[in-house]
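Worksheet: the structure to be examined is printed underneath.
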Amino acid sequence: MKRCIETADLFRFRYYSDPQISADAGRVAYVETEISRRENRYITSVYVAENGISQCAAREASCPRWQGDLLYYLSGGQVCRTDGIATEQITHLDGVTRSFSLSANGNLLCCLVTRSTEKHCKTDPLFVKHLYMKEDSVKGLIDPGIVSEYWIINLTTKAGYRLLPADFKLDAPMWGMLSAPVWSESGKLLAFSSRVQDDSLHDEKPWQADLYVVSPDGDGLRAITGGQGTFQQPVWKDENTLICFGHDNRYFRSTELSIWEISLQGGAKDLTRHLDITLTNMCIGDTESGHSACDVVFDGETGLYYFLASWHGDAKVMRFDPVADSLQSMDDIHRAVMGFTMDQRKKTIAQVYSDVGMPSAVSVVDIQTGQEYRLPSQNDLLLKEIKLSTPEHFPVCAEDATVTDGWLMRPVGYEEGKNYPSVLSIHGGPYGLYGNLFFLEFQLLTAAGFAVIYCNPVGSRGYGQRFSQGIVGEYSKRDYRELMAFTDLCLEKFPFLAKDRMGVSGGSYGGYMTNWIITQTDRFKAAVAQRSISNWMTMYATSDSGYISIEQMLFGRKIPDPIELLDISPIRYACQVETPLLLLHSECDMRCPIEQAEQFFVTLKGMGKEVELIRFPGENHGMSRNGLPTLRVARLEAICEFLKRYLG
């Protein structure tokens, strides 16, 4: 007999990322992440699948890359390689190698290395020059002594040298990431993305990033985009043209990415803005692990482009024909593909994905036949043991008549004729989207006897530029109305939902909306606000990106009077709260600092309201997905216990 899912199952699931198919499509390398309960940590291993059979190629390893029959990967912060029999460490660089790339002929290796150039004593004063002074990923202040560099390694002699001049500031833009350069087919040039070098723009436009090219000997370094937007993840179309993701910030933070064609001789062309789609996977779940490649893939033989796009709750590999101006999904399966690569002939896809009944999986797809083979994994065995709730999808009409998506998950063991408590869950962002993927938190709630309802209100990705941009100037207004209308729709559509036993929960932006909702209505009898926002005035100055993101996301303009921020802050209306509230917050959250939870907790507690606060030491904004495993379990158990206590 099957049992209900438990928090301890977090340790039994396996999580997959970074699928890399060999040039001949005969093998697929990928990363498997397991969570060790005994060691309370994540362990990544590189596996290779051939003829449907997977074997571990390297333990405590990541970032697999093929070069002919050789498999390169990262282990211990250095690049290693194996031929399937012997293993060799290739680099011995000072610092930690984050990623790497190989020249087409296999003679040269380029590594992205992070290292410390100076030792900063914690008791020394730290002189701050820029507004962008802290970063959630480092859980605190940005250390000026930590630098990123590119190093070229000759694989024959093992000799190495730094690629870029010492005064070049290799850095990721805000909300972006650095990666190793990509080699042109001839090996004569490398291309990469980095924050613009104009230091005066560091505060004003921290999101800007240019594309640069340089020869392997370090000569000819130049920017080929002119600081007009953010351009990232370049790939070579030919020796004179790059393809990348980018945008010109036309609609500020809500601007959708496009695929751009950048000429080395000058000139940039936006290829996909008119398609009005959300590029890359923007679906929000809680079982993702590791980084997966999602670069644009260009097929020089057919002129077709392949890329990930999110649309109406799915994230899929899409195929774009610029001549016919046609866009086609590679399948009609409802799921979220996290990353993919293609073989040299562009006939086969290797991908990792999640769907509503599978936390994580690796599959191989034959493009011509559409036939797909999923690699067996430990997840198959675990899923045979447990009962899951299957989300029921239904259309939702937004205020502007956009047809979006909603879901309901019935309690496990649901019986006709009974009434059940329910939880409205609100996603973060707001520029993300709920979709057709596995959500452990939701499954645990349904196992505990709750129904879960969720949707994609205004601001969500996956419905076009106008819908994402619709949240600007409408925080606490249109989004609140749409969430309440969705709740009403669910109560009407599903009569077994008990009106007097409804809860609300959300994280980040969803945590803000949870706080806001309970200041405006008492219809919810319990609320859980995670990594939330209560006061936009202090958020502006204390968040790692608050000074720029609040202007761009909330208003789309400069804020002449800070009182505007207080008007849409839950703390201003704290006296109206009648709903018991649980606040969950990480102590090293730099995106939504813990002072946000502290303010609301102290204010509500001082008013005699029912409020509790749980603090998670040493964790940042992403704790629910990649935090210390025991703390992730504690969080999930706290949510279920609190809601059970107040909703029954």
Enumerate the pairs (first residue in region 445-471 and of a type in the set (S, T, N, Q); second residue anywhere and open to solvent by less than 10 Å² (accessible area, probe 1.4 Å) and part of a helix (DSSP H, G or I)) with beta-carbon separation below 8 Å, excluding pairs fewer than 6 apart on the same chain, so at least 6 apart or on different chains. Ser460/Phe467; Ser460/Ser468; Gln465/Ser254; Ser468/Ser254; Gln469/Ser254
Only one of Ala498, Ala526 is in contact with a Pro (Cβ under 7 Å, 6 or more places away or on another chain), modelled with pLDDT of 95 or more and buried (at least 22 other Cβ atoms within 10 Å of the Cβ). Can you tell me which? Ala526
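Within region 24-32, identify whether any single residue is under 26 Å from Met623 (Cβ atoms) and basic (Lys, Arg), and answer yes or no.
In the first step, residues of region 24-32 are kept if they are under 26 Å from Met623 (Cβ atoms); the result is 30-32.
Okay, now just the ones that are also basic (Lys, Arg), so none.
No.
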Being touching a residue at least 12 places away in the same chain (Cβ under 8 Å), open to solvent by less than 50 Å² (accessible area, probe 1.4 Å) and more than 20 Å from Asp544 (Cβ to Cβ), is that true of even one residue in region 116-135? no
Out of the residues in region 351-367 that are under 18 Å from the mean Cα position of the chain (by Cα) and open to solvent by less than 30 Å² (accessible area, probe 1.4 Å), state the one that is farthest from Arg65 (Cα to Cα). Pro359
Quick check on Phe245: is it in a strand (DSSP E or B) and open to solvent by less than 10 Å² (accessible area, probe 1.4 Å)? yes
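Only residues that are under 17 Å from Asp199 (Cα atoms) and open to solvent by less than 70 Å² (accessible area, probe 1.4 Å): list them for region 149-180, please. Working first, answer last.
The initial filter retains those residues of region 149-180 that are under 17 Å from Asp199 (Cα atoms), namely 165-174.
Selection gives Pro165, Phe168, Leu170, Asp171, Ala172, Pro173, Met174.
Please go through region 431-441 and pick out each residue that is in a loop (DSSP other than H, G, I, E, B) and at pLDDT 95 or above. So that I can check it myself, show each step before the final result.
Just the residues of region 431-441 that are in a loop (DSSP other than H, G, I, E, B), to begin with: 431-432, 434-439.
Of everything in region 431-441, those that are in a loop (DSSP other than H, G, I, E, B) and at pLDDT 95 or above turn out to be Tyr434, Gly435, Asn436, Leu437, Phe438, Phe439.
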Can you find a residue that is open to solvent by 30 Å² or more (accessible area, probe 1.4 Å), on the phi > 0 side of the Ramachandran plot, at pLDDT 90 or above and assigned to a loop (DSSP other than H, G, I, E, B) anywhere in region 101-109? no
Asp83, sole failed condition from (1) without any contact (Cβ under 8 Å) to a residue 24 or more places away in the chain; (2) open to solvent by less than 50 Å² (accessible area, probe 1.4 Å); (3) not aromatic (Phe, Trp, Tyr): (2)
Restricting to region 24-46, what's the tally of residues that are open to solvent by 20 Å² or more (accessible area, probe 1.4 Å), over 23 Å from the mean Cα position of the chain (by Cα) and within 17 Å of Arg81 (Cα to Cα)? 1
Restricting to region 361-395, name every residue that is closer than 19 Å to Leu433 by Cβ and in contact with a Phe, Trp or Tyr (Cβ under 6 Å, 6 or more places away or on another chain). Pro391, His393
Of (1) in contact (Cβ under 8 Å) with a residue 40 or more places away in the chain; (2) not in a strand (DSSP E or B), Asp219 fails just (1)
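Hand me the list of helices (runs of 4 or more DSSP H) wholly inside region 595-648 holding 2 or more residues that are over 24 Å from the mean Cα position of the chain (by Cα). First the steps, then the outcome.
Details: elements: 595-606, 623-626, 629-647.
Here the list reads 595-606, 629-647.
Could you grab me the full set of residues in region 53-63 that are open to solvent by 20 Å² or more (accessible area, probe 1.4 Å) and touching a strand residue (DSSP E or B) at 6+ places or on another chain (Cβ under 7 Å)? Even if it seems obvious, please write down each step before you answer.
Narrowing region 53-63 to residues open to solvent by 20 Å² or more (accessible area, probe 1.4 Å): 53-57, 59-60, 62.
Those that are open to solvent by 20 Å² or more (accessible area, probe 1.4 Å) and touching a strand residue (DSSP E or B) at 6+ places or on another chain (Cβ under 7 Å): Ser54, Gln55, Cys56, Ala57, Arg59, Glu60, Ser62.
Could you go through region 310-325 and let me know if any residue there is modelled with pLDDT of 95 or more, aromatic (Phe, Trp, Tyr) and under 17 Å from Arg27 (Cα atoms).
Let us first name the residues in region 310-325 that are modelled with pLDDT of 95 or more, namely 310-325.
Of the ones still in play, those that are also aromatic (Phe, Trp, Tyr) are 311, 320.
When the remaining residues are screened for being under 17 Å from Arg27 (Cα atoms), the result is none.
For region 310-325, residues modelled with pLDDT of 95 or more, aromatic (Phe, Trp, Tyr) and under 17 Å from Arg27 (Cα atoms): absent.
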Read through the list (1) part of a strand (DSSP E or B); (2) over 20 Å from Leu304 (Cβ atoms); (3) open to solvent by less than 20 Å² (accessible area, probe 1.4 Å), then give the number of the only condition that Gln232 fails. (3)
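Can you tell me which residue among Leu604, Leu583, Leu613, Leu631 is in contact with a helix residue (DSSP H, G or I) (Cβ under 7 Å, 6 or more places away or on another chain) and either farther than 30 Å from Asp9 by Cα or aromatic (Phe, Trp, Tyr) (or both)?
Exactly one residue qualifies, and that residue is Leu604.
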Tally up the residues in region 442-473 that are assigned to a helix (DSSP H, G or I) and in contact with a helix residue (DSSP H, G or I) (Cβ under 6 Å, 6 or more places away or on another chain), please. 3
Is there any pair with a first residue in region 530-547 that is part of a loop (DSSP other than H, G, I, E, B) and a second that is of a type in the set (Ser, Thr, Tyr) whose Cβ atoms are under 7 Å apart and which are 6 or more apart or on different chains, and what are they? Arg531/Ser508; Arg531/Ser586; Ser532/Tyr512; Ser532/Thr514; Ile533/Tyr512; Ser534/Ser569; Asn535/Ser569
Residues of region 319-350 being surrounded by fewer than 19 Cβ atoms within 10 Å (Cβ to Cβ) and among the aliphatic types (A, V, I, L, M), in sequence order, are Val323, Ala324, Leu327, Met330, Ile333
Are there any pairs, at least 6 apart or on different chains, whose C-beta atoms fall under 8 Å, with the first in region 362-377 and free of Cβ contacts under 8 Å to residues at least 40 places away in the same chain and outside any strand (DSSP E or B) and the second open to solvent by less than 60 Å² (accessible area, probe 1.4 Å) and among the β-branched types (Val, Ile, Thr), and if so, which? Ile367/Thr348; Ile367/Ile349; Gln371/Val365
Could you grab me the full set of residues in region 412-464 that are open to solvent by less than 10 Å² (accessible area, probe 1.4 Å), closer than 30 Å to Phe555 by Cβ and touching a Lys or Arg at 6+ places or on another chain (Cβ under 7 Å)? Gly432, Leu433, Val458
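Of all residues in region 275-303, count the ones that are in a strand (DSSP E or B) and open to solvent by 30 Å² or more (accessible area, probe 1.4 Å). Spell out the reasoning first.
The initial filter retains those residues of region 275-303 that are in a strand (DSSP E or B), namely 278-279, 283, 297-299.
Among the residues that remain, those that are also open to solvent by 30 Å² or more (accessible area, probe 1.4 Å) are: 298.
Qualifying residue count, region 275-303: 1.
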So in region 378-411, with the set limited to residues that are without any contact (Cβ under 8 Å) to a residue 12 or more places away in the chain and part of a strand (DSSP E or B), which one is surrounded by the most Cβ atoms within 10 Å (Cβ to Cβ)? Cys397
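The values are calculated or read from the model by the stated rules, or taken from the named source; none is laboratory data. Keep in mind it's a predicted model, so treat the numbers as computed, not measured. All Cβ positions, glycine included, derive from the backbone under ideal geometry; neighbour counts span all protein chains shown. These area figures cover heavy atoms from the full protein model, side chains too; ligands, DNA and RNA do not enter into them. Shrake-Rupley method; radii C 1.70, N 1.55, O 1.52, S 1.80 Å.
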